[in-house]
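Student: First the structure, then my questions, so here it is.
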Amino acid sequence: VLDAAFVAARELEAAKGKKKTEIETARDAARFAPVAATVGGARHTWQADQKSVDLLNGAISVAQAGGALPPTWRTLDNVDVPIAALADLVAIAKAIAAQTQAAYAKSWALKTEVKNAAVQSDLEAITW
């Protein structure tokens, strides 16, 4: 015969696992959301999904190694913005990095709350 406290503890642990998955899904949505950065004196919105980040990092690496800068970088709205210097690409990368760090920091804080939750209602109060 299972003890009611044992069953409740197992249910709470299962709910904690689901809540952690929910937090991770929200974190990834936040970190891959479009991001604003200023390039060429104007603020633009840029894609920040993994493919875009990989392309941006590749372009930065090539330029740092002495290769050519891309002549333009395309915004979320499909506007080609001239790239005059490596700093233009780095500005976009910095904005993405800040957004990523903020998303992870929030997820870590929420996961700590999940870990410390004593009852189901504690978990229900944890939202992104």
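Student: On the given criteria, is Ala98 open to solvent by 50 Å² or more (accessible area, probe 1.4 Å) and within 25 Å of Ala29 (Cα to Cα)? Walk me through it before giving the result.
Tutor: Working: open to solvent by 50 Å² or more (accessible area, probe 1.4 Å): yes; within 25 Å of Ala29 (Cα to Cα): yes.
Against the criterion (open to solvent by 50 Å² or more (accessible area, probe 1.4 Å) and within 25 Å of Ala29 (Cα to Cα)), Ala98 qualifies.
Student: Report yes if Thr112 is surrounded by fewer than 12 Cβ atoms within 10 Å (Cβ to Cβ), of a type in the set (Val, Ile, Thr), under 30 Å from Ile126 (Cα atoms) and within 20 Å of the chain's Cα centre (by Cα), otherwise no. Quick ask: steps written out before the conclusion?
Tutor: Numbers: surrounded by fewer than 12 Cβ atoms within 10 Å (Cβ to Cβ): yes; of a type in the set (Val, Ile, Thr): yes; under 30 Å from Ile126 (Cα atoms): yes; within 20 Å of the chain's Cα centre (by Cα): yes.
Answer is yes for this residue.
Student: For the stretch 26-35, which positions are aliphatic (A, V, I, L, M) and either modelled with pLDDT under 95 or open to solvent by less than 50 Å² (accessible area, probe 1.4 Å) (or both)?
Tutor: Ala26, Ala30, Ala33, Val35
Student: Of all residues in the stretch 36-51 being under 15 Å from Ile96 (Cα atoms) and in a strand (DSSP E or B), which is most open to solvent (accessible area, probe 1.4 Å)? Steps first, please.
Tutor: Within the stretch 36-51, the first condition is being under 15 Å from Ile96 (Cα atoms), and the residues that meet it are 36-39, 43-51.
From what's left, in a strand (DSSP E or B): 36-39, 43-46.
Details: Ala36: 41, Ala37: 4, Thr38: 67, Val39: 3, Arg43: 158, His44: 42, Thr45: 54, Trp46: 3 Å².
Here the residue is Arg43.
Student: Also: Just give me the residues in the stretch 76-128 being under 30 Å from His44 (Cα atoms), touching a residue at least 24 places away in the same chain (Cβ under 8 Å) and part of a loop (DSSP other than H, G, I, E, B), in sequence order.
Tutor: Across the stretch 76-128, the qualifying residues are Leu76, Asp77, Val79, Ile83, Ala84, Trp128.
Student: Residues in the stretch 52-69: is at least one among the hydrophobic types (A, V, I, L, M, F, W, C), loosely packed, with under 13 Cβ neighbours inside 10 Å, farther than 30 Å from Asp122 by Cα and in contact with a helix residue (DSSP H, G or I) (Cβ under 8 Å, 6 or more places away or on another chain)? Working first, answer last.
Tutor: Residues of the stretch 52-69 among the hydrophobic types (A, V, I, L, M, F, W, C): 53, 55-56, 59-60, 62-63, 65, 68-69.
Imposing the further condition that a residue be loosely packed, with under 13 Cβ neighbours inside 10 Å reduces the set to 65, 68.
Pick out the ones that are also farther than 30 Å from Asp122 by Cα and you get 65, 68.
From what's left, in contact with a helix residue (DSSP H, G or I) (Cβ under 8 Å, 6 or more places away or on another chain): 68.
Yes.
The values are calculated or read from the model by the stated rules, or taken from the named source; none is laboratory data. Note that the structure is predicted; figures quoted are calculated from it, not measured. Positions of Cβ are generated from backbone atoms using ideal geometry, with glycine treated the same way; all protein chains shown enter the neighbour counts. To get the accessible areas, we keep the full protein, side chains included, count just its heavy atoms, and leave off ligands, DNA and RNA. Shrake-Rupley method; radii C 1.70, N 1.55, O 1.52, S 1.80 Å.
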